[in-house]
Amino acid sequence: MNRFVAVVFVIAMAQTAGAQQKLNSLTLTDTIIHSAVDRPGDFYVVTKAGQIQKFDKDGKLLVLYKATQSPTLFDPRDGARLFIYYRDYQHYEFLNPSFEITGSYKIDSSFAIQPWLMCPSGDHKLWLLDKSDQSLKKINVRESEVELEVAVDPDLTGNPGSFKTMREYQGFVFLLDPARGIFIFNSLGKHLRTIELPGIRNFNFLGEDLYYLNGDKLEFFNLFTTDKRQLPVSAGTTDVLLTDERMILITPLRIDIFAFRP
């Protein structure tokens with residue numbers, strides 16, 4: 001009986017996903033290597049050539065920004081203060097919604113021996129992953145001090161150089177290793193759990209949910225209850241972005257925008 005109910009539930013979800021109304025399709029001339037969405041619902045793609053393109057919820061191009069190279073990490077956050085990190089230069093920037101640079105900084109060498117990844121924490125703090133001593137550090141930029149430093153167990157995480165993405169959300173810190181999955185830490189840098197998923201490329205957030213693509217299904221993980229649910233997506237999709245109104249399916253050269261209700 002339980003198995004029958006589960007099958008009916010999956011079928012119902014598939015039918016719901018298939019019934020989503022397509023609103024627009026966009027074709028790009030440069031390969032998309034990363035995508036992101038801000039809290040108000042605008043979305044962004046980073047291309048192989050270093051362009052960052054910003055679109056509104058219906059796919060209208062709002063801003064095209066040419067970075068000096070493809071950034072190591074791009075996080076639009078709340079859409080008002082965007083964050084870019086370049087590992088090669090040990091340099092990070094904040095931009096306004098029009099992609100004008102409002103702050104440009106070199107990482108203080110006293111903070112880390114070998115900075116690998118970093119992400120914003122509020123308006124005046126940063127999380128930093130130091131590859132050299134395998135530590136997570138929380139930096140108070142305004143006070144120019146390391147507020148927190150926690151050693152990361154190498155038996156747990158392996159080589160810190162394998163991490164490709166770092167973000168903070170709802171008091172949690174997330175590190176992505178494409179070969180292993182998503183490592184989740186609390187606000188004190190303590191490891192809580194790992195979502196093991198070899199081949200994962202990206203992840204995002206909606207409300208209390210962490211979501212990521214798992215094959216041809218979008219998987220949701222509630223950060224507070226740890227409950228999981230899934231939603232089918234089109235075959236060939238390489239990334240998915242969600243807002244309260246839109247589902248955006250991404251392939252390397254194409255963006256499809258659908259109406260969506262969480």
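Quick note: the coordinates plus some simple rules give every number you see, no bench work behind them. Because the structure is a prediction, the values reported are computed rather than measured. Every residue, glycine as well, gets a Cβ built from its backbone with ideal geometry; the counts of neighbours run over all protein chains shown.
So for region 20-259, taking the charge dipole from beta-carbon charges (+1 Lys/Arg, -1 Asp/Glu), which of H191, C119, S162 sits furthest toward the positive end?
S162
Size of the dipole of region 114-231 about the Cα centre, Lys and Arg at +1 and Asp and Glu at -1 on the beta carbon, nothing else charged, in debye to 20?
260
May I ask you to derive the relative contact order of the chain, considering only C-alpha pairs under 8 Å and at least 6 residues apart, and to give it as an integer percent?
Across the chain, relative contact order equals 15 percent.
Give me the net charge for the shell around A259: Cβ to Cβ below 14 angstrom, other residues only, Lys and Arg +1, Asp and Glu -1.
Net charge in that neighbourhood comes out at 0.
Step through the table entries K66/K138; K22/K57; K106/K138, compare each Cα-Cα distance with 18 Å, and write down the pairs that go over it.
Listed pairs above 18 Å: K66/K138.
When the dipole is taken about the Cα centre of region 20-259, and only Lys, Arg (+1) and Asp, Glu (-1) are charged at their Cβ, what size is it in debye, to the nearest 20?
Using only the charged Cβ atoms, the result is roughly 440 debye.
Can you give me the Kirkwood hydrodynamic radius for the chain, using every pair of distinct Cα atoms, in Å to one decimal?
19.3
Need the list of lysines near K228 for cross-linking: C-alpha distance under 17 angstrom, and skip anything on the same chain fewer than eight residues off.
K228 reaches K217.
I want the local charge near L175. Using Cβ-Cβ distances under 11 Å, sum +1 for each Lys or Arg and -1 for each Asp or Glu among the other residues.
Summing Lys and Arg as +1 and Asp and Glu as -1 gives +1.
From the square roots a ≥ b ≥ c of the eigenvalues of the alpha-carbon gyration tensor of region 105-243, which class results: rounded (a/c under 1.5), prolate (a/b over b/c), or oblate?
Verdict is prolate for region 105-243.
Between region 192-221 and region 72-100, what's the alpha-carbon centroid distance in Å?
When both Cα centres are located, 23 Å separates them.
Taking the Cα centre of region 204-262 as origin, work out the dipole magnitude from +1 charges on Lys and Arg Cβ and -1 charges on Asp and Glu Cβ, in debye rounded to 20.
140
Is the shape of region 146-208 rounded, prolate or oblate, going by the alpha carbon gyration tensor and its root eigenvalues a ≥ b ≥ c, with a/c under 1.5 for rounded and a/b larger than b/c for prolate?
Note, shape of region 146-208 comes out oblate.
With unit charges on the beta carbon (Lys/Arg positive, Asp/Glu negative), name the residue among S234, G181, T68 whose Cα is farthest towards the positive pole of the charge dipole of the chain.
Among S234, G181, T68, the one farthest towards the positive end of the dipole of the chain is S234.
If we sort 248-254, 222-228, 172-178 on the protection proxy, mean other Cβ atoms within 10 Å, highest first, what's the order?
Going by the mean number of other Cβ atoms within 10 Å, highest first, we get 172-178, 248-254, 222-228.
Could you work out [θ]222 nm for the chain from helices alone, using -39500 (n - 2.57) per DSSP H run of at least four and dividing by all its residues? Round to the nearest 500 deg cm²/dmol.
Calculated from helices alone, the mean residue ellipticity at 222 nm is -2500 deg cm²/dmol.
For Q230, what is the net charge nearby, where nearby means another residue's Cβ is under 14 Å from its Cβ and Lys, Arg count +1, Asp, Glu -1?
-1
Just to confirm the number: angle between the C-alpha axis of helix 2-18 and the first principal axis of the chain, 0 to 90 degrees, nearest 10?
Tilt of helix 2-18: around 80 degrees.
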